[in-house]
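Colleague: Below is the structure I would like to discuss, written out as structure tokens.
Derivation of every value follows stated rules applied to the coordinates shown; laboratory data play no part. As the structure is a computational prediction, the values presented were derived from the model and not from experiment. Here Cβ is always computed from backbone atoms with ideal geometry, including for glycine, and neighbour counts include all displayed protein chains.
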Amino acid sequence: MNAAAAFFYLFAGVTVASAFMVVASRNPVHSVLFLILAFVNAAGLFLLMGAEFLAMILVVVYVGAVAVLFLFVVMMLDVDFAQLRQGFLNYLPLGALLAIVFFIELALVLTTRFVDPKAFKAAAPAAPKPDMLVTNTEALGRVLYTDYVFFFQVSGLVLLVAMIGAIVLTLRHKAGVKRQDIAEQVARTKATAMEVKKVPSRQGV
């Protein structure tokens, strides 16, 4: 076994074990930490495949932003997880059905190589020419900003609308809380912003 195969089995094994612990852990904080470990090892698998851009995106975006955000939200919110688990038996039949379907799909994927070996040969891409070799990041940039530039911009607009919608839906105006009024601040003058009072000697305001 060469070094690449050894690293593959190492990263893959830790990823599968971490993913299992995400579901099996009783403590939600531990689940998020195992999720971060799974993301890091999945990034190692991407590096072995030569997809260094996807590996960095996985670490920077998912580990550095999403997973850490989940961790802080879980730690800050006082969530009663015992109450959330009360309806577990009600969803057990549906969860078991989805698990069976998932394992059947995994079995089909693993046995396709033995059932129809030609499927992998037909789907194998042609080897690139020496003058066409580019980095993974450059290849993704060429595809995103040429063939799929319209869909790339639309996805950005959809995310922007989703962010604005989430802010609007969660915004709550509480009585007695002072808020910033930019128009009123800009319209302030010296006469309205300052008040001079004469205080007698040796007396307070």
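Colleague: With a/c under 1.5 counting as rounded, go ahead and sort segment 13-69 into rounded, prolate or oblate using the C-alpha gyration tensor (a ≥ b ≥ c being the square roots of the eigenvalues; past the cut-off, prolate if a/b is larger than b/c, else oblate).
Modeller: Oblate is the answer for segment 13-69, as a/c is 1.5 or above yet b/c matches or exceeds a/b.
Colleague: Spelling out what I want: for every residue of segment 58-70, take phi, set θ = phi - 60°, compute 6.51 cos²θ - 1.76 cosθ + 1.60 (Karplus), and round to whole Hz; glycine and proline get x.
Modeller: Per-residue couplings from phi come out as 4, 6, 6, 7, 7, 6, x, 10, 5, 5, 5, 4, 4 Hz.
Colleague: Please compute the net charge surrounding LEU140, taking Lys and Arg as +1 and Asp and Glu as -1 over other residues with Cβ under 12 Å from its Cβ.
Modeller: That sum, taken over residues with Cβ under 12 Å, equals -2.
Colleague: Same structure again: Can you work out the Karplus-derived ³J(HN,Hα) for every residue in segment 172-182? Use 6.51 cos²θ - 1.76 cosθ + 1.60 with θ = phi - 60°, whole Hz, and x for glycine or proline.
Modeller: 10, 9, 9, 6, x, 9, 6, 10, 6, 10, 5
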